[in-house]
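Undergrad: Once you've had a glance at the structure underneath, I'll fire off some questions.
All of the numbers you see were taken from the coordinates with simple rules; none came from a lab. All of these numbers come straight from a predicted model, not from anything done at the bench. Because the Cβ atoms are built from the backbone with ideal geometry, glycine has one as well, and the counts that use them run over all protein chains shown.
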Amino acid sequence: MSAHGPVTPPTGGTPQTQQQARAMVRTFLTEEQERIWFGLTQTYDALLGALDARMLAEHNMPLSAFEALMHITHAEEGAISISDLAELVRLSPSQVSRIAIDLERRGLVQRHRSQNDSRSTEVAVTESGRAQLQAAAPTYLSTIRSYLFDGLAERDVKQLARILERVEASRPHTRG
């Protein structure tokens with residue numbers, strides 16, 4: 001669906017010229033929509049890069065490990081399975097398992113077999129992990145604030161929140 005109604009995608013393989021590529025993009029996105037899309041991806045990439053760099057430099061912890069520790073700390077039952085944690089941090093279970101092993105080596109979490117499913121590993125935060133999270137949280141949060149909100153007026157922030165709520169409400173919800 002384009003801004004002008006349903007459309008049929010161009011046929012004939014891949015675009016051969018810049019003009020054909022532009023025409024294909026315009027079939028689906030207006031110039032403004034394309035600019036918004038690129039702006040969102042560039043902002044997201046810049047924020048993730050800044051968060052990862054600051055977390056490593058100031059706390060010797062990559063962003064993925066910090067986010068895992070944050071979710072582990074806030075787990076409702078005091079522990080979370082590797083597979084549930086993987087969904088929350090948007091990584092594969094094997095990647096999250098390696099992060100959990102590293103966090104355990106550093107004394108920030110404890111891993112144990114699930115009482116409900118012996119095939120599943122759960123992770124729980126230690127007191128050292130809570131302390132590390134509290135020490136690193138200001139870096140994480142201040143970076144988010146500086147990259148996303150410092151350049152906006154309060155009115156802009158409220159408008160952005162309303163827009164994102166409408167986007168979320170209108171998109172199809174699928175698991176994964």
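Undergrad: Taking Leu160 as the residue in question, decide whether it is among the hydrophobic types (A, V, I, L, M, F, W, C) and surrounded by 15 or more Cβ atoms within 10 Å (Cβ to Cβ). Give the derivation first.
TA: On the way: among the hydrophobic types (A, V, I, L, M, F, W, C): yes; surrounded by 15 or more Cβ atoms within 10 Å (Cβ to Cβ): no.
Against the criterion (among the hydrophobic types (A, V, I, L, M, F, W, C) and surrounded by 15 or more Cβ atoms within 10 Å (Cβ to Cβ)), Leu160 does not qualify.
Undergrad: Mind listing whichever residues of the stretch 28-47 are surrounded by 13 or more Cβ atoms within 10 Å (Cβ to Cβ) and part of a helix (DSSP H, G or I)? Before the answer, list the steps.
TA: From the stretch 28-47, those surrounded by 13 or more Cβ atoms within 10 Å (Cβ to Cβ) are 28-30, 33-34, 47; that's our starting set.
Phe28, Gln33, Glu34, Leu47 - these are the residues of the stretch 28-47 that are surrounded by 13 or more Cβ atoms within 10 Å (Cβ to Cβ) and part of a helix (DSSP H, G or I).
Undergrad: Then there's this: Evaluate the following for Thr73: is it closer than 30 Å to Asp150 by Cβ and in contact with a Lys or Arg (Cβ under 8 Å, 6 or more places away or on another chain)?
TA: Taking the combined requirement at face value, the residue satisfies it.
To keep it simple, each residue is scored yes or no on (1) more than 16 Å from the chain's Cα centre (by Cα); (2) of a type outside the set (A, V, I, L, M).
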site	(1), (2)
Ile36	yes, no
Thr43	no, yes
Arg54	yes, yes
Thr73	yes, yes
Glu76	yes, yes
Ile82	yes, no
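Undergrad: Leu133: buried (at least 18 other Cβ atoms within 10 Å of the Cβ), out of contact with any Gly (no Cβ under 9 Å at 6 or more places or on another chain) and within 29 Å of Gln42 (Cα to Cα), yes or no?
TA: So Leu133 passes the test.
Undergrad: From the list Leu69, Leu88, which residue is in a helix (DSSP H, G or I), hydrophobic (A, V, I, L, M, F, W, C), surrounded by 15 or more Cβ atoms within 10 Å (Cβ to Cβ) and in contact (Cβ under 8 Å) with a residue 24 or more places away in the chain?
TA: Answer to the check: Leu69.
Undergrad: Name the residues in the stretch 72-85 that are of a type outside the set (Gly, Ala, Ser) and touching a residue at least 40 places away in the same chain (Cβ under 8 Å), would you?
TA: Correct list: Ile72, Thr73, Ile80, Ile82.
Undergrad: I would also like to ask the following. Taking the stretch 140-176 on its own, how many of its residues are hydrophobic (A, V, I, L, M, F, W, C) and either touching a Phe, Trp or Tyr at 6+ places or on another chain (Cβ under 8 Å) or touching a residue at least 60 places away in the same chain (Cβ under 8 Å) (or both)?
TA: Of the residues in that region, 3 qualify.
Undergrad: Out of curiosity, is Gln16 outside any helix (DSSP H, G or I) and farther than 21 Å from Leu133 by Cβ? Full working, then the answer.
TA: Details: outside any helix (DSSP H, G or I): yes; farther than 21 Å from Leu133 by Cβ: yes.
Spelling it out, Gln16 is indeed outside any helix (DSSP H, G or I) and farther than 21 Å from Leu133 by Cβ.
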